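The values are calculated or read from the model by the stated rules, or taken from the named source; none is laboratory data. It should be emphasised that the depicted structure is a prediction, and the values quoted were computed from it without experimental measurement. Here the Cβ is made from the backbone with ideal geometry for all residues, glycine too, and neighbour counts use every protein chain on show.
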Amino acid sequence: MVDTPDQGMIVRLTTNQALERMAEDEVLAPRLGPGLAAVAACVRDALHRALVEQTSSAPHRFHELCRNLALTDDSFDRLGHHVLTALLGQRVGPDALVRVGVILGAVRSRLPGAGRLADTARPPSDPRRGNGATRRYRPVRVPEHLPWPPAWTCTGCGRDWPCPTKQSQLLAEFGGPRAALAVYLGSCLVAAAQDLPALPPARARTRFLGWLPRTRQ
C-alpha cells in the first residue's frame, strides 16, 4: 500500500505524542533513558507497518531494543499504553488498533519472564491450556465471567464472551473505553480467532470491539 500523506502524518503525530507521554512518565522515562530516540524509531516502524502496510509483523529491532533496555512486562505495558492512547486520538478505527495491539503483544511476549502467570483459573480437571493472551490477563483468583477458551464462552453465564455483564465490568475496571482496554480486547480477539477459525472476521471484530463506546473529543 502507498504511504499517503494522511497515513504518514498519523504515524508521525502518534509517534511524537507517544514519545512526549513516555518522556513525562516518571516510571518509564528513567528506564528508557538515552534509548528514547531508538524507541521512537521502533514505534514509528511499528505504526508504519500497521497503518501503511496493514500488517501485524513486529519489527525485529523492537525486540532487540526492549531486551537491551531490560524492559519489564510492566514497563512495556506503560510504553504500549502511551502508544495506543496517542493512536486512539487519531480515530484510525478498530482494525488498525488491533494490528498495533498485535505488534505490541508480539514484542511483549518475547520479554524475559513474559507469559509466566500461572494458569490457575482453569479447574485442575480440565487439561486444556489457555493461550498467551488469556493467561496474561487472567488473575489468580477466579472472578465470574472469565473467557473460557477454546470455545470463548463465559464462565459465569455461558454466553459468548465478552458477555453483556463482562462488558460492563470491563468498562468499570478500565475506567471507560481506554487504550489499555482496546489492547486487551485486541489481544483476546487475535487469540479467539486462532481458537475459532470458523468465526467470520467481521463478526469477531464486532463481538470483541464493536460494543466499545465511541470516545468524543
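Structural remarks
- Some residue of the stretch 40-61 being over 21 Å from LEU181 (Cα atoms), of a type in the set (Val, Ile, Thr) and in contact with a Lys or Arg (Cβ under 8 Å, 6 or more places away or on another chain): yes
- Residues located in the stretch 152-166, provided they are of a type outside the set (Gly, Ala, Ser) and surrounded by 15 or more Cβ atoms within 10 Å (Cβ to Cβ): TRP152, THR153, CYS154, THR155, ASP160, TRP161, PRO162, CYS163, LYS166
- ARG108 being modelled with pLDDT of 85 or more and under 18 Å from MET22 (Cα atoms): no
- Among the numbered conditions (1) within 20 Å of VAL190 (Cβ to Cβ); (2) in contact with a Ser or Thr (Cβ under 9 Å, 6 or more places away or on another chain); (3) not acidic (Asp, Glu), the only one that LEU69 does not meet is (1).
- Near pairs, Cβ below 8 angstrom, 6+ apart or cross-chain, from the stretch 96-122 (of a type in the set (Lys, Arg)) to any residue that is at pLDDT below 70: ARG108/ALA114; ARG122/ARG128; ARG122/ARG129; ARG122/GLY130
- Only one of the numbered conditions (1) crowded, with 18+ Cβ neighbours inside 10 Å; (2) under 20 Å from ARG99 (Cα atoms); (3) modelled with pLDDT under 90; (4) in contact with a Leu (Cβ under 9 Å, 6 or more places away or on another chain) is not met by CYS188, and that is (4).
- The set of residues from the stretch 188-211 being closer than 16 Å to LYS166 by Cα and touching a residue at least 40 places away in the same chain (Cβ under 8 Å) comprises CYS188, LEU189, ARG207, PHE208, LEU209, GLY210, TRP211.
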